[in-house]
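Written below as C-alpha coordinates is the structure these notes are about.
The values are calculated or read from the model by the stated rules, or taken from the named source; none is laboratory data. Note that the structure is predicted; figures quoted are calculated from it, not measured. Please note: Cβ atoms are built from the backbone with ideal geometry, for glycine as well, and neighbour counts cover all protein chains shown. In case anyone asks, the SASA skips ligands and DNA or RNA and just uses the protein heavy atoms, side chains included. Shrake-Rupley method; radii C 1.70, N 1.55, O 1.52, S 1.80 Å.
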Amino acid sequence: MPEIQAWRRVVSVMGLKPTQYRCASEALLRRLRKEGTLPSLHPLIDVCNAVSVGFAIPIAVFDIEKVDGGLSVRPAQGNERYVSFSGTIKAPEAGEIIFADDAGRAHARRWTNRHGQISAVGTHTMDALIVAEALHPHSPSDMEHLGFSLCEAVRAVWPKAMVKDWSTP
(Lines give C-alpha, C1' and ligand atoms only; values in the text may rest on other atoms or scores of the structure.)
Protein backbone atom coordinates (compact mmCIF):
# COMPACT_ATOMS: atom_id res chain seq x y z
CA MET A 1 0.00 0.00 0.00
CA PRO A 2 1.55 3.33 -0.99
CA GLU A 3 0.20 5.01 2.16
CA ILE A 4 2.07 2.56 4.39
CA GLN A 5 5.20 2.43 2.23
CA ALA A 6 5.57 6.22 2.46
CA TRP A 7 5.51 6.05 6.27
CA ARG A 8 7.95 3.11 6.26
CA ARG A 9 10.39 5.26 4.27
CA VAL A 10 10.03 8.11 6.77
CA VAL A 11 10.59 5.77 9.71
CA SER A 12 13.74 4.47 8.00
CA VAL A 13 15.01 8.02 7.42
CA MET A 14 14.48 8.65 11.16
CA GLY A 15 16.92 5.78 11.78
CA LEU A 16 14.27 3.38 13.09
CA LYS A 17 13.22 -0.07 11.92
CA PRO A 18 9.88 0.23 10.06
CA THR A 19 8.72 -3.21 11.24
CA GLN A 20 9.46 -2.30 14.86
CA TYR A 21 7.95 1.21 14.72
CA ARG A 22 4.89 0.98 12.50
CA CYS A 23 2.76 4.04 11.88
CA ALA A 24 -0.60 3.93 13.63
CA SER A 25 -2.60 2.93 10.55
CA GLU A 26 -0.24 0.06 9.71
CA ALA A 27 -0.41 -1.20 13.30
CA LEU A 28 -4.22 -1.08 13.19
CA LEU A 29 -4.37 -2.81 9.80
CA ARG A 30 -2.02 -5.52 11.05
CA ARG A 31 -4.12 -6.03 14.18
CA LEU A 32 -7.33 -6.18 12.13
CA ARG A 33 -5.80 -8.78 9.81
CA LYS A 34 -4.52 -10.93 12.69
CA GLU A 35 -7.37 -10.58 15.17
CA GLY A 36 -10.28 -9.67 12.92
CA THR A 37 -11.24 -6.70 15.08
CA LEU A 38 -10.04 -3.32 16.29
CA PRO A 39 -9.67 -2.40 19.96
CA SER A 40 -12.50 -0.43 21.53
CA LEU A 41 -11.00 2.39 23.58
CA HIS A 42 -13.34 5.40 23.44
CA PRO A 43 -16.07 6.22 20.89
CA LEU A 44 -14.06 9.04 19.29
CA ILE A 45 -10.90 6.94 19.15
CA ASP A 46 -12.90 4.03 17.72
CA VAL A 47 -14.33 6.26 14.94
CA CYS A 48 -10.87 7.63 14.12
CA ASN A 49 -9.33 4.15 14.12
CA ALA A 50 -12.00 2.89 11.72
CA VAL A 51 -11.39 5.81 9.34
CA SER A 52 -7.63 5.34 9.70
CA VAL A 53 -7.95 1.70 8.64
CA GLY A 54 -10.27 2.62 5.77
CA PHE A 55 -7.74 5.04 4.32
CA ALA A 56 -4.50 3.44 5.62
CA ILE A 57 -3.57 6.90 6.96
CA PRO A 58 -2.57 7.45 10.60
CA ILE A 59 -4.87 9.58 12.73
CA ALA A 60 -4.00 10.91 16.17
CA VAL A 61 -6.51 12.35 18.62
CA PHE A 62 -5.57 14.68 21.49
CA ASP A 63 -7.62 16.05 24.37
CA ILE A 64 -6.68 19.63 23.56
CA GLU A 65 -7.60 20.85 27.06
CA LYS A 66 -4.63 18.81 28.36
CA VAL A 67 -2.18 20.51 25.99
CA ASP A 68 -0.31 23.55 27.31
CA GLY A 69 -0.32 26.26 24.64
CA GLY A 70 0.25 25.02 21.11
CA LEU A 71 1.06 21.56 19.82
CA SER A 72 3.82 21.13 17.26
CA VAL A 73 5.49 18.27 15.44
CA ARG A 74 9.22 18.73 15.89
CA PRO A 75 12.50 17.03 16.74
CA ALA A 76 12.89 16.43 20.47
CA GLN A 77 15.55 18.33 22.34
CA GLY A 78 15.91 15.40 24.74
CA ASN A 79 14.54 17.15 27.83
CA GLU A 80 10.81 16.77 27.11
CA ARG A 81 8.60 14.72 29.43
CA TYR A 82 6.65 11.80 27.94
CA VAL A 83 4.23 9.68 29.98
CA SER A 84 3.37 6.28 28.50
CA PHE A 85 -0.02 4.64 29.05
CA SER A 86 1.60 2.43 31.68
CA GLY A 87 2.63 5.58 33.57
CA THR A 88 6.34 5.34 32.79
CA ILE A 89 7.93 8.77 32.43
CA LYS A 90 10.69 9.10 29.85
CA ALA A 91 12.52 11.77 27.92
CA PRO A 92 12.46 11.19 24.15
CA GLU A 93 15.90 11.01 22.56
CA ALA A 94 17.20 14.23 21.06
CA GLY A 95 16.20 14.41 17.39
CA GLU A 96 13.28 11.99 17.75
CA ILE A 97 10.15 13.41 16.09
CA ILE A 98 7.52 14.21 18.71
CA PHE A 99 4.26 16.08 19.19
CA ALA A 100 5.22 18.63 21.88
CA ASP A 101 3.38 21.38 23.68
CA ASP A 102 4.67 24.75 24.87
CA ALA A 103 5.45 23.32 28.34
CA GLY A 104 7.93 20.83 26.86
CA ARG A 105 5.73 17.79 27.27
CA ALA A 106 5.78 15.12 24.56
CA HIS A 107 2.26 13.97 23.74
CA ALA A 108 3.32 11.46 21.08
CA ARG A 109 6.65 9.91 20.10
CA ARG A 110 8.18 8.69 16.85
CA TRP A 111 5.79 10.87 14.88
CA THR A 112 2.83 8.54 14.41
CA ASN A 113 3.89 5.62 16.54
CA ARG A 114 3.40 6.19 20.28
CA HIS A 115 0.64 8.34 21.73
CA GLY A 116 1.09 9.22 25.38
CA GLN A 117 -1.10 9.39 28.45
CA ILE A 118 -0.94 13.16 29.03
CA SER A 119 -3.47 14.20 26.38
CA ALA A 120 -5.29 10.91 25.84
CA VAL A 121 -9.00 11.26 25.12
CA GLY A 122 -11.19 10.02 27.95
CA THR A 123 -14.65 10.22 29.45
CA HIS A 124 -14.20 13.89 30.41
CA THR A 125 -12.89 15.07 27.04
CA MET A 126 -14.86 18.02 25.72
CA ASP A 127 -12.50 19.40 23.06
CA ALA A 128 -10.35 17.20 20.83
CA LEU A 129 -7.80 17.83 18.14
CA ILE A 130 -7.68 15.23 15.37
CA VAL A 131 -4.51 15.08 13.29
CA ALA A 132 -4.08 13.00 10.15
CA GLU A 133 -0.98 13.05 8.00
CA ALA A 134 -0.18 11.38 4.72
CA LEU A 135 2.98 11.34 2.65
CA HIS A 136 2.15 9.18 -0.36
CA PRO A 137 1.79 10.56 -3.92
CA HIS A 138 -2.01 10.92 -3.89
CA SER A 139 -2.20 12.21 -0.33
CA PRO A 140 -3.89 15.59 -1.06
CA SER A 141 -6.90 13.91 -2.63
CA ASP A 142 -6.96 11.08 -0.09
CA MET A 143 -6.72 13.52 2.81
CA GLU A 144 -9.67 15.49 1.47
CA HIS A 145 -11.77 12.31 1.29
CA LEU A 146 -10.57 11.17 4.71
CA GLY A 147 -11.51 14.52 6.20
CA PHE A 148 -15.02 14.49 4.83
CA SER A 149 -15.50 10.86 5.92
CA LEU A 150 -14.22 11.60 9.40
CA CYS A 151 -16.46 14.67 9.79
CA GLU A 152 -19.49 12.65 8.67
CA ALA A 153 -18.64 9.81 11.06
CA VAL A 154 -18.18 12.14 14.05
CA ARG A 155 -21.43 13.97 13.26
CA ALA A 156 -23.25 10.63 12.97
CA VAL A 157 -22.09 9.59 16.46
CA TRP A 158 -22.46 13.05 18.05
CA PRO A 159 -25.08 15.05 16.11
CA LYS A 160 -24.69 18.08 18.40
CA ALA A 161 -20.89 18.12 18.23
CA MET A 162 -19.22 21.19 16.81
CA VAL A 163 -17.02 19.80 14.05
CA LYS A 164 -14.73 22.16 12.21
CA ASP A 165 -14.74 21.09 8.58
CA TRP A 166 -11.55 19.47 7.47
CA SER A 167 -11.04 21.80 4.54
CA THR A 168 -11.29 24.92 6.72
CA PRO A 169 -7.86 26.34 7.60
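What base-10 log of the normalised intensity I(q)/I(0) is obtained for the chain from the Debye formula, alpha carbons as equal point scatterers, at q = 0.13, 0.16 Å⁻¹? Log10 of I(q)/I(0), two decimals: -0.64, -1.00. Sorting Ile64, Ile4 on solvent-accessible area from highest to lowest, probe radius 1.4 Å, gives Ile64, Ile4.
Helices in the chain that qualify as membrane-span-like (whole DSSP H runs, Cα extent of at least 20 Å along the helix axis, mean Kyte-Doolittle hydropathy of 1.0 or higher) do not occur. Reported to the nearest whole Å, the Cα centre-to-centre distance from the range 58-119 to the range 132-158 is 23. Between Lys34 and Thr19, the contour length at 0.36 nm per residue exceeds the Cα-Cα span by 3.9 nm. Listed by chain and number, the lysines whose alpha-carbon sits under 21 Å from that of Lys66, ignoring those within fewer than 8 places in the same chain, are Lys90, Lys164. Within straight-line reach of Lys34, meaning a Cα separation under 25 Å, sit the following lysines at least 8 residues removed in sequence or on another chain: Lys17.
Only one residue of Gln117, Gly54, Thr88 has its Cα farthest out toward the positive end of the dipole of the chain, where Lys and Arg carry +1 and Asp and Glu -1 on Cβ, and that residue is Thr88. The fraction of accessible area contributed by carbon and sulfur in the range 25-169 is 54 percent, rounded to a whole number (1.4 Å probe; ligands and nucleic acids excluded).
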